[in-house]
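Data first, discussion second: the structure below is written as structure tokens.
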Amino acid sequence: MHLDRERCVRAVRSKDARFDGWFFTAVVTTRIYCRPSCPVVPPKPQNMTFFPSAAACQQAGFRACKRCRPDTSPGSPEWNRRADLVARAMRLIGDGVVDREGVTGLAARLGYSTRQIERQLLAEVGAGPLALARAQRAQTARLLVETTALPMADVAFAAGFASIRSFNDTVREVFALSPTDLRSRAPRRLAGPAGRGTLQLRLPFRAPLNPDNLFGHLAATAVPGVEEWREGAFRRTLRLPYGHGVVALTPTPDHIACRLTLSDLRDLTVAISRCRRMLDLDADPVAVDDRLRADPLLAPLVDKAPGRRVPRTVDEAEFAVRAVLGQQLSTAAARTHAARLVTVHGEPVDDPEGGLTHLFPAPDALAGLDPETLAMPRTRRTTLTTLVARLADGSLHLGADSDWAEARARLLELPGFGPWTADVITMRALGDPDAFLATDLGVRRAAQGLGLPGTPAALTARAAAWRPWRAYAVQYLWATDDHPINFLPV
């Protein structure tokens, strides 16, 4: 997108918020970079230059605009619809891997050399992994400075900086303000010493966003003790690299209100990244809906409630376990089975605000469970124990860096894994926007009601016209039913 200068200029002149995060506008006369929808008077086209990332702007010597705050734009939807090296690297950088494991750790996870990763990121994103991680640390630092009363030293280390000096230098360079000046300009502090570890944030998204199926699905399938719907918010526990957290997510017309309580503030970046991924907030709903609306049988569903997202997860391994527990069962029965595992094998947490009691058990904790204690058919016990054993020993990896096609093939090799289980994990855990549940009963029932083919093979052939957004077509097809997953809880 940023290479098409004419389209970029048109987007800036029209202040089109749809392109926020797709590219950034840098003004050569002021040395400031903005999001396309910046409210100021657009600069002359000859003074504009365009970059694919905030990190690229910063690396070129531009500082962030104080009006439009480009560092708070939604993420690029490009990394949501691809599973190549660059997209997988961007997802891992967003998950804080470079800060925790360095560029060598990033390369080891992806199976490429550091030189290959650096070269491809520079070619496509305009910045290497270190610059991208630095830009992310700057954004996290600004968030902590403006929304908490933490001492600046605590902010620096919580944001991932190795020293207070590098924190001060980066903040001044990116925002043209010292950390103290940033705090003094903030309208108010949302969390003081009494709320240490608790932050209130705004998670931006591209409009439209239909919260009904998104929060309806998460609430209807919530595992007791791990997830709940309380006072208009979806709440759940989070297993994070340095500790654990509890998040409450509330839909509003122009953002998702997010309240995070973390045992270690170094997990802030990871927690935000995972919550955004769970709610599919970096999607481009206009592009998705335009493609699906081209089908005359889907168009009425899209026009009725545009902006549906794919409800995803904060933990890929957890979702895989839950998918097996839910095979050929009702939503209520699947929740019951999961709750039993949580009670016996989950790690207890304290939640003064509500009814959350545990983290969902990690594969290591489930690897030694006795199959005879599972109240399910013997074949499904074998499926579950094989899955958790493979996840625990690392022979099966499910994560933000997974190659979707490869992961699906590996899942289908496991006993008891058919197309539905593999595809629902690929869609909701790994984030493949083109995963399609052709064998799902709800999808087939909706298809027949719309006059679409009823057999999985014929429906898959018909759905080729919806690519690469078939996972979103599933959401619109599911919405034809009156199941609780399709309605925002009251």
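Only the coordinates and a few stated rules stand behind these numbers; no lab work does. The structure displayed is predicted, hence computed values, not measured ones. All Cβ positions, glycine included, derive from the backbone under ideal geometry; neighbour counts span all protein chains shown.
Counting only DSSP H runs of at least 4 residues, each contributing -39500 (n - 2.57), and dividing by the residue count of the chain, the helix-based mean residue ellipticity at 222 nm comes to -13500 deg cm²/dmol.
Both numbers refer to the Cα atoms of region 196-284; Rg and Dmax are 12.5, 35 Å. Stokes-Einstein, applied to the Kirkwood radius of region 294-337 over Cα pairs at a viscosity of 1.306 mPa s and 10 °C, places its translational diffusion at 121 µm² s⁻¹. Of all aspartates and glutamates in the structure, those lying under 16 Å Cα to Cα from Lys66, and not within fewer than 8 positions of it along the same chain, are Asp20, Glu146, Glu173, Asp181.
With 0.36 nm allotted per residue and the present C-alpha distance subtracted, the Leu441-Asp350 stretch has 28.9 nm of extension available. Across region 15-52, the residues whose backbone nitrogen lies under 14 Å from the label position 7 Å along the beta-carbon direction of Ala60 are 23-36, 45-52. Here's the list of aspartates and glutamates a cross-link from Lys15 could span, going by alpha-carbon distance under 16 Å and ignoring same-chain residues fewer than 8 apart: Glu6.
Kirkwood-type hydrodynamic radius, region 23-72: 10.4 Å, calculated from all non-identical alpha-carbon pairs.
Modelled spin labels at Ala461 and Arg185, positioned 7 Å past Cα toward Cβ, are 6.1 nm from each other.
Angle of helix 419-428 to the longest C-alpha principal axis of the chain, folded into 0 to 90 degrees and rounded to 10: 20°.
Database note for the chain: Cys without another Cys beta carbon under 4.7 angstrom, Cys8, Cys57, Cys258, Cys275.
Segment Arg172..Lys44, full-extension length gain: 43.4 nm, with 0.36 nm per residue of separation and the alpha-carbon distance subtracted. The Cα atoms of region 397-490 define a convex hull whose projected area, averaged across directions, is 7.0 nm². Region 347-401 and region 417-481 have Cα centres spaced 27 Å apart. When only Cα pairs below 8 angstrom with a gap of at least 6 residues are kept, region 237-347 shows a relative contact order of 17 percent. Projected label points at Arg7 and Ala294, each 7 Å from Cα along the beta carbon direction, are separated by 1.4 nanometres. Quick one: helix 211-220 against the long Cα principal axis of the chain, what's the angle to the nearest 10°, folded into 0 to 90? Taking the Cα atoms of the chain, the angle to 211-220 is about 50 degrees.
Using a simple spin-label model with pseudo-atoms 7 Å out from Cα toward Cβ, Ala409 and His255 lie 4.4 nm apart. Using the alpha-carbon atoms, what tilt in degrees (0 to 90, nearest 10) does helix 97-110 show relative to the longest principal axis of the chain? Orientation of helix 97-110: about 60 degrees from the principal axis. Only alpha carbons enter this Debye calculation for the chain, each as an equal point scatterer, and the log10 of I(q)/I(0) it gives at q = 0.06 Å⁻¹ is -0.27.
Suppose the chain between Val490 and Ala17 were pulled fully straight at 0.36 nm per residue; how much longer would it get relative to their current alpha carbon spacing?
167.2 nm
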